[in-house]
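Report on the structure given below.
The values are calculated or read from the model by the stated rules, or taken from the named source; none is laboratory data. Keep in mind it's a predicted model, so treat the numbers as computed, not measured. Neighbour counts are summed over all protein chains in view; Cβ atoms, including those assigned to glycine, are modelled from backbone coordinates with ideal geometry.
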Amino acid sequence: MKKHLCILCSFILILSLTACGADFDGSRTGNSNEFVMNYKVFNKTDSQNLIVEKGDTIHAEIVVEGGSLSIKIQKDDEVPIYEGVDVSSSDEFDIDIEESGTYTVSVTGEKTKGSVSFTVVTNQ
C-alpha cells in the first residue's frame, strides 16, 4: 500500500512540475492581414507582421481574463504607433495608419489568460 501511495505522489508531483513551465497553451493564427491568439496560458512574446496601406486601420480586440500583457505596434525601427505596458483589462480600439508599410505587432504575456485580435481593415 505504501508503495502505491509513493508512486501516486511521485506521479502527481511530476505532473504539477511539468505544468509550471508552460509558455503557451492556446491557438494562434497569423498572416499579413490578421494576428489572432486565444490562450489559457501565455508567458512569452509572439509577433506578427501586418501589411497595411495608408488610410487603413488596425482594429484591436484585447481580452484579459488574468495576468497582464504588453503590446507594441511599430513600422520597422520607427517610434511605435501604439504601446501598452502591463495591460490588465480588456479593450477594443482602432489605430489609423498614416504611412503604408509592414507593421510588426508584438505581444508579451505574463501569466496571461484571454485573447488578442489585430485585423487590418481596408479603407475603401
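May I ask you to list the residues in region 19-77 that are surrounded by fewer than 17 Cβ atoms within 10 Å (Cβ to Cβ), of a type in the set (D, E, K, R) and part of a loop (DSSP other than H, G, I, E, B)? If the condition is that a residue be surrounded by fewer than 17 Cβ atoms within 10 Å (Cβ to Cβ), of a type in the set (D, E, K, R) and part of a loop (DSSP other than H, G, I, E, B), then 23, 44, 53, 54, 76, 77 are the ones that fit. Apart from one condition, residue 76 fits all of (1) under 28 Å from residue 121 (Cβ atoms); (2) out of contact with any Pro (no Cβ under 8 Å at 6 or more places or on another chain); (3) modelled with pLDDT of 95 or more; the exception is (3).
Condition check: surrounded by 15 or more Cβ atoms within 10 Å (Cβ to Cβ), over 17 Å from the mean Cα position of the chain (by Cα) and either of a type in the set (S, T, N, Q) or at pLDDT 95 or above (or both). Does residue 95 satisfy that? Criteria met by residue 95.
The number of residues in region 84-101 that are in a strand (DSSP E or B) and touching a Ser or Thr at 6+ places or on another chain (Cβ under 8 Å) comes to 7. Of all residue pairs spaced 6 or more apart or on separate chains, those with beta-carbon atoms under 6 Å, a first member in region 66-89 that is touching a residue at least 12 places away in the same chain (Cβ under 8 Å) and over 17 Å from residue 37 (Cα atoms) and a second member that is among the charged types (D, E, K, R) and buried (at least 16 other Cβ atoms within 10 Å of the Cβ) are 83/72.
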